[in-house]
Amino acid sequence: MANLDGVGEALLPSGLRRYVSFNSATVLVVLLVVIIACIRAFVKFPPDQVAMFAEQNRRVHSLPFLVGYSLFAAVCFLCIYATRRFTRFYYVRVAFYAMVLTGILILSVGVLLPLRSV
């Protein structure tokens, strides 16, 4: 456990850990996703760039990937919930939660809001 403590201290010093919570992570993630949604909704990109992004995201927007990723996210959220009694690494659970929540919300924004071209 000493190695994990050292890595945790390097990534997030103990002085900042008191500000880390599921609520603050949710607010930060939602704020970032709203900014990205506004960019996708209001900024117009060059047509060649939109075509390149559409080609890159073709597999990501397929039904098998969306179902698989949603199941993976559900399993991750269940793991976060199941480890709620491990208070020593609370900040690791919060970071994992923020990553999974960001992934599912960004994927939703990408599917629901296609890029606009000039």
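The values are calculated or read from the model by the stated rules, or taken from the named source; none is laboratory data. Just so you know, these numbers come straight off a predicted model, no measurement behind them. Heads up, the Cβs are rebuilt from the backbone with ideal geometry, glycines too, and the neighbour counts pull from every protein chain shown.
A compact table of results
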| read-out | value |
| --- | --- |
| Failed item in (1) among the β-branched types (Val, Ile, Thr); (2) touching a residue at least 12 places away in the same chain (Cβ under 8 Å); (3) closer than 30 Å to GLY6 by Cβ, with VAL33 passing the rest | (3) |
| Filter result for ALA73 (touching a residue at least 40 places away in the same chain (Cβ under 8 Å) and closer than 19 Å to GLY110 by Cβ) | no |
| Leading residue by the ranking (nearest to ALA95 (Cα to Cα)) among those in segment 32-57 that are of a type outside the set (A, V, I, L, M) and outside any helix (DSSP H, G or I) | ASN57 |
| Those residues of segment 80-97 which are surrounded by 13 or more Cβ atoms within 10 Å (Cβ to Cβ) and assigned to a helix (DSSP H, G or I), in sequence order | ILE80, PHE89, TYR90, TYR91, VAL92, ARG93, VAL94, ALA95, PHE96, TYR97 |
| Unmet criterion (only one of (1) over 15 Å from the mean Cα position of the chain (by Cα); (2) surrounded by 16 or more Cβ atoms within 10 Å (Cβ to Cβ); (3) assigned to a helix (DSSP H, G or I)) for VAL29 | (1) |
| Members of segment 54-74 that are surrounded by 11 or more Cβ atoms within 10 Å (Cβ to Cβ) and at pLDDT 90 or above | SER62, PHE65, LEU66, GLY68, TYR69, SER70, PHE72, ALA73, ALA74 |
